[in-house]
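Have a look at the structure below before the remarks.
Each value in this text was obtained by applying a stated rule to the coordinates, not by laboratory testing. Quick caveat, the model's predicted, so the values are computed rather than measured. We place every Cβ from the backbone using ideal geometry, glycine too, and count neighbours over all the protein chains shown.
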Amino acid sequence: MEYTRRFYASSLPLEEDCSAFGRWGKFGHESKRLSKSTCVQLPSGHKIIPCPAFGESSVFSALNSKFLIRIWPGIPCFCSLMKKILLTTTSFQDTPGGHHQLLEDAGLEVVCERGPLTEERMLELAGDFDAFLCGDDAITRAVIDKSLPRLKVISKYGIGLDKVDVEHATRKGIPVTFCPGVNHTTVAEHVFALLLALVRYLVTSVQHTRSGQWTRLTGNEILGKTIGIVGLGRIGREVATRALAFGMNVMGYDIYWDSEFAESKGIHQCGTLEEIFSRSDIISLHTNLSPETRHMINADSLQEMKDQVLIINCARGELVDPDAMVNALEDGKVGGYGTDVLEVEPPPPDHPLLKAPRTLVTPHIGSRTYESVGRQATMAAENLILALDGRPPLAQANDAPLPTP
């Protein structure tokens with residue numbers, strides 16, 4: 001039995017010689033007679049879109065960034081341009097897992113850059129992509145404007161949106177997705193990695209033994225100490241749970257107070273930042289960045305704290321005034337500062353905190369575990385794919401319409 005196949009090559013000039021399609025030659029509004037299924041390979045940048053209304057869908061798989069399509073006779077398909085996305089988050093790129101297959105199976109052309117990218121670099125790239133899958137890149141008003149009209153979706157890898165001009169994206173009708181609830185365990189564990197390293201001089205002790213010294217430094221316990229958690233969201237609550245397991249006294253401050261959680265855990269609610277600053281032996285920052293919270297740790301607030309206070313920052317570098325922190329470390333007001341974030345990442349070699357006393361700086365790895373990256377990358381990829389297809393993403397941060405596929 002013979003079947004009649006028709007290809008509507010909407011993204012190719014009619015009658016264009018598409019030798020890459022194999023022995024079937026020219027594809028346009030012309031029919032081909034097939035007696036059995038066959039395989040065709042599409043030119044780079046194109047894909048086959050099955051039309052289920054005419055029967056069961058075609059079967060296809062990705063091969064070397066092109067599509068090896070098995071065409072079943074009698075099932076019309078449309079050939080169209082592949083959607084092109086900019087992928088900048090390095091942990092997504094560097095960590096193996098099923099998130100890579102999600103993008104491949106969706107038929108997306110992926111262009112990788114090593115972020116976080118500056119506004120200058122983003123402006124160089126803007127305008128050539130249907131979507132961004134971004135980390136902490138500068139997605140500013142200017143970047144969004146230059147990306148139009150092609151840009152349809154911004155998928156944030158992670159939860160912090162302070163690098164994305166969400167308000168302007170909303171005005172321009174660009175949905176912004178994000179990934180809540182995927183990294184709170186990993187970040188909370190990193191808080192205690194920094195805290196324990198500070199109180200027990202772990203980094204210094206290891207450096208001594210590596211250099212042939214046997215210097216036995218005396219540290220401190222955290223049992224019975226009071227930890228003040230600024231921001232009792234998902235990560236803050238995970239930090240509180242672990243602090244209680246260490247036998248610490250826990251206080252918290254948040255304008256959106258989770259009374260049920262706090263009461264069940266015996267967490268004291270501080271009414272003001274001044275209260276939590278003045279009563280805590282250890283302060284852990286877990287609030288979002290806003291004009292109100294920028295440099296919340298400054299020369300004045302540091303003076304309100306206990307002498308030899310320890311401060312942990314796994315939120316945003318901009319929460320802390322670096323010059324004020326260095327001064328407080330040098331004069332002994334602050335007993336130690338452990339941070340996973342800086343205002344500029346990566347920092348310049350002469351950044352003052354890199355050589356400040358009793359300071360530990362890690363390169364924004366608080367959420368970088370295989371488990372957390374798998375969750376974040378999968379959710380970010382799914383958000384992007386769903387939104388590009390006009391379907392509700394798993395989490396959308398703004399009230400913007402989804403694109404028409």
Please compute the length gained on full extension between F246 and H168, using 0.36 nm multiplied by the number of residues separating them and subtracting their Cα-Cα distance.
23.7 nm
Amide H neighbours of L394 at under 5 Å, excluding residues fewer than 5 places away on the same chain, with H built from the backbone geometry, are N383
On a C-alpha basis, how far is the centre of the range 169-229 from the centre of the range 330-405 in Å? Whole number, if you could?
14 Å
Using the Kirkwood radius over Cα pairs of the range 184-361, the Stokes-Einstein translational diffusion coefficient at 37 °C and 0.692 mPa s, in µm²/s and rounded to a whole number, is 199 µm²/s
What's the ranking of 344-357, 221-234 by average number of surrounding C-beta atoms within 10 Å, highest first?
221-234, 344-357
Order by protection proxy (mean Cβ within 10 Å, highest first), peptides 128-139, 209-220
128-139, 209-220
For E345 paired with R200, estimate the spin-label separation in nm (one decimal), with each label point 7 Å from Cα along the Cα-to-Cβ line.
2.6 nm
Set K84/K146; K83/K152; K265/K306; K156/K355; K163/K355 screened for pairs whose C-alpha atoms are more than 21 Å apart:
K265/K306; K156/K355; K163/K355
Could you give the semi-axes, largest first, of the ellipsoid that matches the range 261-405, computed as the square roots of 5 times the alpha carbon gyration tensor eigenvalues and rounded to whole Å?
35, 20, 15
FRET efficiency, 1/(1 + (r/R0)^6) with R0 25 Å, evaluated for E124 and R391 via beta carbons
0.20
Kindly list the residues of the range 357-377 that lie in the label zone of D94, defined by a backbone N under 17 Å from the point 7 Å along the Cα-to-C-beta vector.
361-377
Average Cα contact separation per residue, the range 184-361, under 8 Å, 6 or more apart, as relative contact order %
19 percent
Local electrostatic count, S280, Cβ distance below 13 Å [Lys/Arg +1, Asp/Glu -1]
-2
Work out, in µm²/s and without decimals, the Stokes-Einstein translational diffusion coefficient of the range 111-243 at 4 °C, 1.567 mPa s, Rh from Kirkwood over C-alpha pairs.
72 µm²/s
FRET efficiency for D105 and Y256, using Cβ-Cβ distance with R0 set to 25 Å, rounded to 0.05:
0.05
Where both partners of a DSSP beta bridge lie in the range 184-361, what percent of those bridges are antiparallel, to the nearest 5?
0 percent
Paramagnetic reach from E275 (point 7 Å along Cα→Cβ, amide N under 16 Å) across the range 227-262
227-232, 250-260, 262
